[in-house]
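A quick write-up on the structure given underneath.
The values are calculated or read from the model by the stated rules, or taken from the named source; none is laboratory data. These numbers come from a predicted model, not from an experiment. Cβ sites come from the backbone with ideal geometry, for glycine too, and all protein chains shown count toward neighbours. Note: accessible area is taken over every heavy atom of the protein model, side chains too, but ligands, DNA and RNA are not part of it. Shrake-Rupley method; radii C 1.70, N 1.55, O 1.52, S 1.80 Å.
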There are 2 protein chains.
Amino acid sequence: MKIGFIGTGVMGTGVINNLLKHDFEVEVFNRTKAHAQKVIERGAKWVDTPKELAEQNDLVITMVGYPDDVKAQYYGPEGLFAGAKSGQIFMDMTTSTPTLAQELVKEGLNRHVVVLDAPVSGGDVGAREGTLTVMVGGDKVIFETLTPVFDAIAGRVNYFGDAGWGQHAKMANQIMIAATMLGMSETLVYAKKVGLSLPLVLDTLNGGSAQNWSLENYGPRILKGDFQPGFYAKHLLKDLRIALDEAEKMNLALPATALAETLYEKLVDEKHSGDAGTQALIKLWWGQA
Amino acid sequence: MKIGFIGTGVMGTGVINNLLKHDFEVEVFNRTKAHAQKVIERGAKWVDTPKELAEQNDLVITMVGYPDDVKAQYYGPEGLFAGAKSGQIFMDMTTSTPTLAQELVKEGLNRHVVVLDAPVSGGDVGAREGTLTVMVGGDKVIFETLTPVFDAIAGRVNYFGDAGWGQHAKMANQIMIAATMLGMSETLVYAKKVGLSLPLVLDTLNGGSAQNWSLENYGPRILKGDFQPGFYAKHLLKDLRIALDEAEKMNLALPATALAETLYEKLVDEKHSGDAGTQALIKLWWGQA
């Protein structure tokens, strides 16, 4: 199976490397060609437009930043749909809106192309180690044909239902993560202010009912002053806005998620830390800009 | 070593059973004698007052509900201090205020008794299985003499410093837990409203960066409609009030913890669910009183 891949950011790079390791032929496109250099060196082949990528591959995966970036890759004279072939599969692994996922499926149907939504969880580590969790929505039979691909990149793949339901599952995931990031920040801020040993706090909390992935993975990074992105603060903010939009449509109040959105907005807008990792939230208290 | 134990609630019962299993002689007292029946059947000996417990044992452990309950056991003509012997050890495993922990140490010094603060994390499961995490403050040398006791009841024991610092560490722990409970509630409420498969959501989230102890342990209980207390909602509310009091003293804003306090207050006061487990928070959305 020939795979086209759009998006060579921190996540995409990890996924592409795992596809190459499993002997898939991978052609890539990225808005900024320089960022694709790493995967090109490992054997991925550069292609100049999404349209060409669609023309030359059986499956095209997109893994970019924002819903608008997704649209930019699919639509337009050089976009994926312009090069679409009957029977082809497109799969959007970007965390995007359920509504856009449904639109892509409709547009795909017009061109006899199946589009799946398949956002992931697991961060840069999961992408690099091929242990991502994938949440899939869309045509179930087509989804099942992609098992070899998922085997190469993921530790867990769950099918949630129709188009957009992968994105809804991802929203549930982001709501949970936002809370652990909030809690981790307040926990470490309290502990530091009191004068507790922070490494000992991490050890203790991760051994009991406070244990969580964020504290285990980001806690040590924060203690080292490492705010490099596993996952961009600006991207979590985007996700929380989508989740809150969807919740509002259902007349559902999510106060903790709304608080997280407010604080990440402050981090991005006032502290200009959108390109930092989500763990940078603690800077709102520590005052390190 | 003869151990006296006050408090045969859900946590204390688990701890006492593990002490008995490890061949410690255990004498018990509880405000309501009937609630001590289970451990008496397993070999613990009933004693009529805290004072007698102090007179007859080398170490006395208290594990009760609120700071006022702790005071009631230590002070007064029938209290622990009234029966205290020189060289004895008292250890309060209740989650209580750092200030009270410091008061008990001072009063103990007057009577040549060492008092440690040693709150725990790990819930009913940890208490039952002897895998609790213990956070200790107070005299370090005395703490180290208790290794055989901790081996019987805990999976992890960390020493945090002077009197009260075990309680501060526990506050850091509760701040983290409050956030995971908030996040879990909003996640499941969103997922249910959208119509996602909830067991699949739990499986997915716990396989990625949203993973946390609360979701792993309480998620399945919520799906079964099981709101039995592993840990009482009213006790978490008490803990959050202590944490916020301490934070206020340090002029530290903890908005997520404050939100959790508000919501648990609502759960306890308006939904009358203080005796339910902390996972009952979701009832604020699901409307089940």
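Exactly one residue among A:K193, A:K224, A:K170 is within 11 Å of chain B (Cβ to nearest Cβ), out of contact with any strand residue (DSSP E or B) (no Cβ under 7 Å at 6 or more places or on another chain) and either modelled with pLDDT of 95 or more or open to solvent by less than 10 Å² (accessible area, probe 1.4 Å) (or both), and that residue is A:K193. Within region B:202-219, residues that are more than 7 Å from chain A (Cβ to nearest Cβ) and open to solvent by 10 Å² or more (accessible area, probe 1.4 Å) reach partners that are of a type outside the set (D, E, K, R) and part of a loop (DSSP other than H, G, I, E, B) with beta carbons closer than 6 Å, at six or more positions or on different chains, in the pairs B:E216/B:N206. I'm trying to understand the selection: among the residues of region B:3-28, which are open to solvent by 30 Å² or more (accessible area, probe 1.4 Å) and either in the same structural domain as B:P229 (by TED's automatic domain parsing) or within 19 Å of the chain's Cα centre (by Cα) (or both)? Residues satisfying the conditions are B:G9, B:V10, B:M11. Scanning region A:227-263 for residues that are at negative phi and either in the same structural domain as A:D124 (by TED's automatic domain parsing) or free of Cβ contacts under 8 Å to residues at least 40 places away in the same chain (or both) returns A:L237, A:R241, A:L244, A:A247, A:E248, A:K249, A:M250, A:L252, A:A253, A:P255, A:A258, A:T262. Taken across region A:264-273, residues that are surrounded by 21 or more Cβ atoms within 10 Å (Cβ to Cβ), within 12 Å of chain B (Cβ to nearest Cβ), in contact (Cβ under 8 Å) with a residue 40 or more places away in the chain and at negative phi do not occur at all. Condition test on A:G65, is it within 21 Å of A:A169 (Cβ to Cβ) and surrounded by fewer than 20 Cβ atoms within 10 Å (Cβ to Cβ)? Considered against the rule, which asks whether it is within 21 Å of A:A169 (Cβ to Cβ) and surrounded by fewer than 20 Cβ atoms within 10 Å (Cβ to Cβ), A:G65 comes out as yes. Counting the residues of region A:153-167 that are assigned to a helix (DSSP H, G or I) and open to solvent by less than 40 Å² (accessible area, probe 1.4 Å) gives 3. Residues in region A:58-107 that are of a type outside the set (A, V, I, L, M), more than 21 Å from A:I153 (Cα to Cα) and over 22 Å from the mean Cα position of the chain (by Cα): A:G76, A:P77, A:E78, A:F81, A:G83, A:K85, A:S86, A:G87, A:K106, A:E107.
Within the option set A:E78, A:E129, being open to solvent by 70 Å² or more (accessible area, probe 1.4 Å), modelled with pLDDT of 95 or more and in contact with a Pro (Cβ under 9 Å, 6 or more places away or on another chain) holds for one residue only, A:E78. All of A:A247, A:A233, A:A276, A:A260 fail the test of being more than 19 Å from the chain's Cα centre (by Cα), crowded, with 17+ Cβ neighbours inside 10 Å and modelled with pLDDT of 95 or more, apart from A:A247. Output the residues belonging to region B:101-125 that are touching a residue at least 60 places away in the same chain (Cβ under 8 Å) and on the phi < 0 side of the Ramachandran plot. Listed by number, the residues that qualify are B:A101, B:Q102, B:V120, B:D124, B:V125. Looking only at region A:125-180, which residues are assigned by TED's automatic domain parsing to the domain that holds A:S214 and β-branched (V, I, T)? Selection gives A:I175, A:I177, A:T180. Taken over region A:81-100, the residue count meeting the criterion of being touching a residue at least 60 places away in the same chain (Cβ under 8 Å) and open to solvent by 10 Å² or more (accessible area, probe 1.4 Å) is 3. Against the numbered list (1) more than 25 Å from B:G277 (Cα to Cα); (2) within 13 Å of chain A (Cβ to nearest Cβ), B:K106 comes up short only at (2). Restricting to region B:25-52, name every residue that is of a type in the set (S, T, N, Q) and closer than 20 Å to B:P77 by Cβ. B:N30, B:T49 - these are the residues of region B:25-52 that are of a type in the set (S, T, N, Q) and closer than 20 Å to B:P77 by Cβ. Flag set for B:K170, criterion: part of a helix (DSSP H, G or I) and within 20 Å of A:E216 (Cα to Cα).
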